[in-house]
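Q: Sending over a structure as structure tokens; questions will come in a sec.
The values are calculated or read from the model by the stated rules, or taken from the named source; none is laboratory data. Everything numeric here is computed off the predicted structure, so don't read it as measured data. Please note: Cβ atoms are built from the backbone with ideal geometry, for glycine as well, and neighbour counts cover all protein chains shown.
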Amino acid sequence: MEALVNGIKIQYREKGTGDPLLLLHGFPLDGSMWDDQLEALSDRFRVIAPDLRGCGGSESSESTSMEQMADDAAALLEKLGIAKAIVCGFSMGGYVTFALLRRRPELVRGLILTNTKAEPDTEEGKAGRAAMAAAIRERGAVAAAEAMLPKLLSPAAPERQPTLAERLRRTMLAQPPQGLAAAAMAMAARPDATPQLGGIAVPTLVIGSDGDTIMPFAIAEAMAAAIPGAALRRVDGAGHAANVEQPAAWNGIVRDWHADTVAFR
Ligand code: MLT
């Protein structure tokens, strides 16, 4: 499905009729990273998984920002007639979620922060983003895929789930290079979201995984400790992309949290 928001075409997937659940994907991926969630959670939620600006089937702009992506997500919710949603951000999608909380907190009724963090890039991290963006402009999406694919899944995954790494590789290679480069630079420019954590006043679930080398579980622990009343859960047997590698466990955590914490508020 497509919607025209903020002057560009945004592609999104939607399934189910329950409590609205907006799923924001990571880099260098698109909304298809939530395919398992769209299937499994649509009995309970109205699941919406957009391709962020410059990713998947959504149009790119010359440059972008976490704020711009958040504004696109907000405009999409409005187009769909949704006044409030549970917003779930994975990794870069988490950075967009923090921007959405800064700009449009009234749209957020609950928060799921999975395999993400509130801290900004270090100077070294920013230099790495610039190098990544340059490599993408020169060599295309393959530059991002080579760097990220080995970190997305746990080392055991290629043997245990042979089609999974291939599915992610195909998704990465299909990403528009201009959009990827813009997203990399936008991540580098994002502000520190740690000052926001203590003021989060909606039910929040923080998820990490035992094998995430990009966002080690200690980051999830510290973030959950800084958010009043946040629940913390760990997915075992997963690398960075916990919802992709262990969908049953990840979906179960979200279902239980929703039933216990959010559903009747
Ligand atoms: C992601 O998965 O979105 C990225 O790893 C985030 C990042 O590089 O900071």
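Q: I'd like to know if the range 111-128 contains one or more residues that are more than 16 Å from the ligand (Cβ to nearest atom) and hydrophobic (A, V, I, L, M, F, W, C).
A: The initial filter retains those residues of the range 111-128 that are more than 16 Å from the ligand (Cβ to nearest atom), namely 111.
Within this subset, residues satisfying the condition of being hydrophobic (A, V, I, L, M, F, W, C) are 111.
Among the residues of the range 111-128, at least one is more than 16 Å from the ligand (Cβ to nearest atom) and hydrophobic (A, V, I, L, M, F, W, C), which makes the answer yes.
Q: Taking the criterion of being at pLDDT 95 or above, in contact with a strand residue (DSSP E or B) (Cβ under 8 Å, 6 or more places away or on another chain) and either more than 13 Å from the ligand (Cβ to nearest atom) or of a type outside the set (A, V, I, L, M) (or both), would at least one residue in the range 167-187 satisfy it?
A: No, every residue in the range 167-187 fails to be at pLDDT 95 or above, in contact with a strand residue (DSSP E or B) (Cβ under 8 Å, 6 or more places away or on another chain) and either more than 13 Å from the ligand (Cβ to nearest atom) or of a type outside the set (A, V, I, L, M) (or both).
Q: Oh, and also: For the range 161-173, how many residues are touching a residue at least 24 places away in the same chain (Cβ under 8 Å) and surrounded by 16 or more Cβ atoms within 10 Å (Cβ to Cβ)?
A: So the answer is 6.
Q: Which count do you get for residues in the range 253-265 that are in a helix (DSSP H, G or I) and under 18 Å from residue 85 (Cβ atoms)? Steps first, answer last, please.
A: Step one: filter the range 253-265 for residues in a helix (DSSP H, G or I), giving 253-262.
Subset that is under 18 Å from residue 85 (Cβ atoms): 254-255, 257-259, 261-262.
Here the count works out to 7.
Q: Moving to a separate point now. Go through the residues of the range 179-194 one by one and say whether even a single one is β-branched (Val, Ile, Thr) and closer than 16 Å to residue 91 by Cα. Show your work before the answer.
A: Here is the first cut: in the range 179-194, the ones β-branched (Val, Ile, Thr) are 194.
Within this subset, residues satisfying the condition of being closer than 16 Å to residue 91 by Cα are 194.
Within the range 179-194, one or more residues are β-branched (Val, Ile, Thr) and closer than 16 Å to residue 91 by Cα.
Q: Given (1) at pLDDT 95 or above; (2) within 16 Å of the ligand (Cβ to nearest atom); (3) farther than 30 Å from residue 63 by Cβ, where does residue 214 come up short, assuming only one miss?
A: The number of the failed condition is (3).
Q: Would you point out the residue of the range 223-252, among those that are within 16 Å of the ligand (Cβ to nearest atom) and either assigned to a helix (DSSP H, G or I) or free of Cβ contacts under 8 Å to residues at least 24 places away in the same chain (or both), that is surrounded by the fewest Cβ atoms within 10 Å (Cβ to Cβ)?
A: 223
Q: Just to check your reading of the model, which residue among 202, 142 is outside any helix (DSSP H, G or I) and either more than 12 Å from the ligand (Cβ to nearest atom) or at pLDDT below 95 (or both)? Let's see the steps before the verdict.
A: Working: 142 fails: outside any helix (DSSP H, G or I).
Only one candidate passes the filter, namely 202.
Q: Here's another thing I want to ask about it. Being within 11 Å of the ligand (Cβ to nearest atom) and among the hydrophobic types (A, V, I, L, M, F, W, C) narrows it down to one of 147, 75, so name that one.
A: It is 147.
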